[in-house]
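Notes to accompany the following structure.
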Amino acid sequence: NAGVTQTPKFQVLKTGQSMTLQCAQDMNHNSMYWYRQDPGMGLRLIYYSASEGTTDKGEVPNGYNVSRLNKREFSLRLESAAPSQTSVYFCASSEGGVLETQYFGPGTRLLVL
Amino acid sequence: GNSVTQMEGPVTLSEEAFLTINCTYTATGYPSLFWYVQYPGEGLQLLLKATKADDKGSNKGFEATYRKETTSFHLEKGSVQVSDSAVYFCALSDRAAAGNKLTFGGGTRVLVKP
């Protein structure tokens, strides 16, 4: 089992460019999440999908969109990148119950110039 | 709203020293509490968790006790190794909220020197 995989590992964008971060899990999990990690601020939830076909905003959704393509895949799109979106992005998945462990991917490091 | 506060790092220790990382929380409901660890260049992985007051989570020599009266979940290890060098995150999950969302503290970087 690969667990949670993310592509790309690293990306450099210019302000105003768009891109999609891909995430896939092979654990048959119901719920999937996108976080961003910034120094000293821990991880903050951008969007989540409690189950296939549903998505909801997290703490910092502005400037992002998501798609739950199927049960396995959950993508994050930046339509017009800004320097404030320079961060490390983590995807996670879980069974979905309130006590369930979240499993994280290795992260995507994004630099917006 | 919910929040998690943990001590800022970096914490630098010698091998076999005792490690404590403080974590306190504010929650509107009755949360579950977690410690996640992030090794260099990797994603986060669950270290331990506790779901109710006075529960003790433990794993790999680390322990943390859910203290409702002091709203704390401090992480401890009696004798650290170089391989414990990592960033440690305290987190809570509000069982009343949909989607099993986690609220994280800012992370504490730990460096263990030989």
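Charge dipole (Cα centre; +1 on Lys/Arg Cβ, -1 on Asp/Glu Cβ; no other charges) of the protein assembly as shown amounts to roughly 380 debye. With all protein chains present, how much of the accessible area of the protein assembly as shown (probe radius 1.4 Å) comes from carbon and sulfur, to the nearest whole percent? With neighbouring chains kept in place, the figure for the protein assembly as shown is 48 percent. Using only side-chain charges placed at the Cβ, +1 for Lys and Arg and -1 for Asp and Glu, the dipole size of chain B relative to its Cα centre rounds to 260 debye. Per residue, the accessible area of chain B comes to 46 Å² when a 1.4 Å probe rolls over the protein heavy atoms. Going from the isolated chain to the complete set of protein chains, the range A:43-69 loses at least 40 Å² of heavy-atom accessible area (1.4 Å probe) at A:Leu43, A:Tyr48. Projecting the Cα atoms of A:Thr101, B:Tyr30, A:Phe90 onto the dipole axis of the protein assembly as shown, where Lys and Arg carry +1 and Asp and Glu carry -1 at the beta carbon, places A:Phe90 farthest toward the positive end. From the alpha carbon centroid of the range A:1-25 to that of the range A:42-107 is 11 Å. Assuming a viscosity of 0.890 mPa s and a temperature of 25 °C, what translational diffusion coefficient in µm² per second does Stokes-Einstein assign to the range B:23-110, Rh being the Kirkwood radius over Cα pairs? Calculated translational D: 184 µm²/s.
Applying both filters, DSSP loop and at most 11 other Cβ atoms within 10 Å, to the chymotrypsin sites (Phe, Trp or Tyr not before Pro) of the range B:1-50 gives B:Phe18. For a straight C-alpha distance cut-off of 22 angstrom, the lysines reachable from A:Lys57 (same-chain residues fewer than eight places away being disregarded) are A:Lys71, B:Lys101. Buried between B and A is an accessible area of approximately 1700 Å², summed over both sides with a 1.4 Å probe. Comparing the full protein assembly with the isolated chain (1.4 Å probe, heavy atoms, ligands and nucleic acids excluded), the residues of the range A:80-113 losing at least 20 square angstrom of accessible area are A:Phe90, A:Val98, A:Leu99, A:Thr101, A:Gln102, A:Phe104, A:Pro106. Applying a DSSP loop filter and a limit of 14 other Cβ atoms within 10 Å to the GluC sites (Glu not before Pro) in the range B:56-114 leaves B:Glu69.
The values are calculated or read from the model by the stated rules, or taken from the named source; none is laboratory data. Because the structure is predicted, anything quoted here is derived from the model rather than measured. Using ideal geometry, Cβ is built from the backbone for each residue, glycine included, and neighbour counts are taken over all protein chains shown. We work out accessible area using only protein heavy atoms, side chains counted, and drop any ligands, DNA or RNA first. Shrake-Rupley method; radii C 1.70, N 1.55, O 1.52, S 1.80 Å.
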